[in-house]
1. Quick check, is Y165 among the hydroxyl-bearing types (S, T, Y), out of contact with any Phe, Trp or Tyr (no Cβ under 6 Å at 6 or more places or on another chain) and either surrounded by 19 or more Cβ atoms within 10 Å (Cβ to Cβ) or not in a loop (DSSP other than H, G, I, E, B) (or both)?
2. Residue pairs, Cβ under 7 Å, 6 or more apart or interchain, first in the stretch 284-303 and farther than 16 Å from V272 by Cβ, second modelled with pLDDT of 90 or more and among the small types (G, A, S). List them.
3. Please go through the stretch 267-292 and give me each residue that is touching a helix residue (DSSP H, G or I) at 6+ places or on another chain (Cβ under 8 Å), more than 19 Å from Q406 (Cβ to Cβ) and at pLDDT below 90, ordered by number.
4. Condition test on V270, is it in contact with a Lys or Arg (Cβ under 6 Å, 6 or more places away or on another chain) and buried (at least 20 other Cβ atoms within 10 Å of the Cβ)?
5. Name the residue, out of F355, F341, F381, that is over 30 Å from L210 (Cα atoms), in a helix (DSSP H, G or I) and either among the aromatic types (F, W, Y) or touching a His at 6+ places or on another chain (Cβ under 6 Å) (or both).
6. Let me confirm something: among S174, S83, which residue is in contact (Cβ under 8 Å) with a residue 12 or more places away in the chain and either outside any loop (DSSP other than H, G, I, E, B) or under 21 Å from the mean Cα position of the chain (by Cα) (or both)?
7. For H251, are the conditions met, namely being at negative phi, touching a helix residue (DSSP H, G or I) at 6+ places or on another chain (Cβ under 9 Å) and of a type outside the set (S, T, N, Q)?
8. Going residue by residue through the stretch 104-117, is there one that turns out to be among the polar types (S, T, N, Q) and not in a loop (DSSP other than H, G, I, E, B)?
Amino acid sequence: MHTAVCHVERSRLLFYRVSIHYSARGDIRWWSLADGARRHYSPEDLSRCLAYMTTMRAHRALWVLAGVLLLAEAGSAHFANQSYIFLRVYHDGMEGRIELPAGDLDGVLSIDTDGDGALSEAEVSAAGARIEAYLDAHFSIAAEERRYDIRYVERAVRRIEIGDYVVQVFQAESTGLIPDVVTMRYSAILEAKPDHRGGLVIEHNAKIGLEKNHVRMSFLFGPGREEFDLRLLGENRLRQLARFVREGMWHIWRGFDHVLFLIALILPAVMVRRGHVWEPVDRFRPAVIHVVKVVTVFTVAHSITLSLAAFNVLELPTRLVESVIALSVLLVALNNLYPIFSDRTWLIVFAFGLFHGFGFASVLREIALNRQAKILSLFGFNIGVEIGQVILILAVFPVLYLLRRQTAYRPVGLTAASALISVAATWWFVSRTFDVGSG
């Protein structure tokens, strides 16, 4: 008896386990599937299946080669501190590969046994069982309340300009047609590095005729976003818009530098400086108008650069952008302690808001949507950012207004809070500018 992993049905090759039973003379008597049913096939069908069996290993090798030797287009789509799930969806099966930054994976599994700071093919091969077990716990595909069995078949080390990646090829075992909606779950490295992200790229989708997509992402996994319902027939525009509105809101709330920048701006909104002394405002309306003006200036500024950067019209180095954002938080907080900007706060807010826009745009650039989808996603993302800002201000400002006349507000609510914000911003600025503590 010979065991294969193919079955011919309606002239198509499917992934089933098949037993081939021979007669004493070596002729094939019958085939049986896992269900035990006997089936008889023509010599042509048998020839096709045996040819398929002999090419399976070569097929897997080509998958690894494709992962290691992608064209420059795919290489340029990689971002530091980000892993990738490349998925190929057929009508009756799924396969793909996971590419993980070698340094991040080593930080979780301690694969670098010789301590040279780089992972070799031998080290990755020796750690194969641990890599598979780790991915089993942090990566899954499910549909209709059923989790697919993931089989890891090959792995390799891919070296590109921004760093080394461990490439793990997988196959999702299927016994029927793939549903129109599958649930992807991915959390690898996210617990160890909360700023890590996992990009989902659908390379091939037979349901909609998508082929050879190596760049455009469908989703970006992150803390709090470890699960995604992938709609294989496509996502309607309203759903896509809603998804990016949520993405924009989430980005504001998780971006502590953006949050502290806004808080540092509105802390003094309920006070008025007379000479060198802060005193509480007498009325609610002037305080609200001040906040509206400042937030409007910030919104206009970051909307300009968000749009320009999202369409690659204007780009700045990530380290420069992140360092200036940290500097903006520091200077606004220090301005609450000692007047630096005098009456030109709005001008400073506009200038720094431009850099915050570049920071917001990094999310859309990483997702790498096509132009038509990017217009809709840009609109939704920007709306989400504004909604996130409004919710934050509505939650904080009324409390500050009610506390403004309390004796402790100026020394604690304004001075101490601003000092703490400046300490945090100083650390961000140093770490981002000089790459301190990045390891």
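The values are calculated or read from the model by the stated rules, or taken from the named source; none is laboratory data. Just so it is clear, the model here is predicted, and its values are computed rather than measured. Neighbour counts run over all protein chains shown; Cβ positions are idealised from the backbone, glycine included.
1. Values: among the hydroxyl-bearing types (S, T, Y): yes; out of contact with any Phe, Trp or Tyr (no Cβ under 6 Å at 6 or more places or on another chain): yes; either surrounded by 19 or more Cβ atoms within 10 Å (Cβ to Cβ) or not in a loop (DSSP other than H, G, I, E, B) (or both): yes.
Spelling it out, Y165 is indeed among the hydroxyl-bearing types (S, T, Y), out of contact with any Phe, Trp or Tyr (no Cβ under 6 Å at 6 or more places or on another chain) and either surrounded by 19 or more Cβ atoms within 10 Å (Cβ to Cβ) or not in a loop (DSSP other than H, G, I, E, B) (or both).
2. V297/G353; F298/G353; A301/G353; A301/G357; H302/G353; H302/G357; S303/G357
3. H290
4. Details: in contact with a Lys or Arg (Cβ under 6 Å, 6 or more places away or on another chain): yes; buried (at least 20 other Cβ atoms within 10 Å of the Cβ): yes.
Spelling it out, V270 is indeed in contact with a Lys or Arg (Cβ under 6 Å, 6 or more places away or on another chain) and buried (at least 20 other Cβ atoms within 10 Å of the Cβ).
5. Numbers: F341 fails: in a helix (DSSP H, G or I); F381 fails: over 30 Å from L210 (Cα atoms).
Sole residue among the options that is over 30 Å from L210 (Cα atoms), in a helix (DSSP H, G or I) and either among the aromatic types (F, W, Y) or touching a His at 6+ places or on another chain (Cβ under 6 Å) (or both): F355.
6. Numbers: S174 fails: either outside any loop (DSSP other than H, G, I, E, B) or under 21 Å from the mean Cα position of the chain (by Cα) (or both).
Step by step, each of S174, S83 is checked, and only S83 is in contact (Cβ under 8 Å) with a residue 12 or more places away in the chain and either outside any loop (DSSP other than H, G, I, E, B) or under 21 Å from the mean Cα position of the chain (by Cα) (or both).
7. Numbers: at negative phi: yes; touching a helix residue (DSSP H, G or I) at 6+ places or on another chain (Cβ under 9 Å): yes; of a type outside the set (S, T, N, Q): yes.
Answer is yes for this residue.
8. Within the stretch 104-117, the first condition is being among the polar types (S, T, N, Q), and the residues that meet it are 110, 113.
If we keep only those that are not in a loop (DSSP other than H, G, I, E, B) too, we end up with none.
Checking the stretch 104-117: not a single residue is among the polar types (S, T, N, Q) and not in a loop (DSSP other than H, G, I, E, B).
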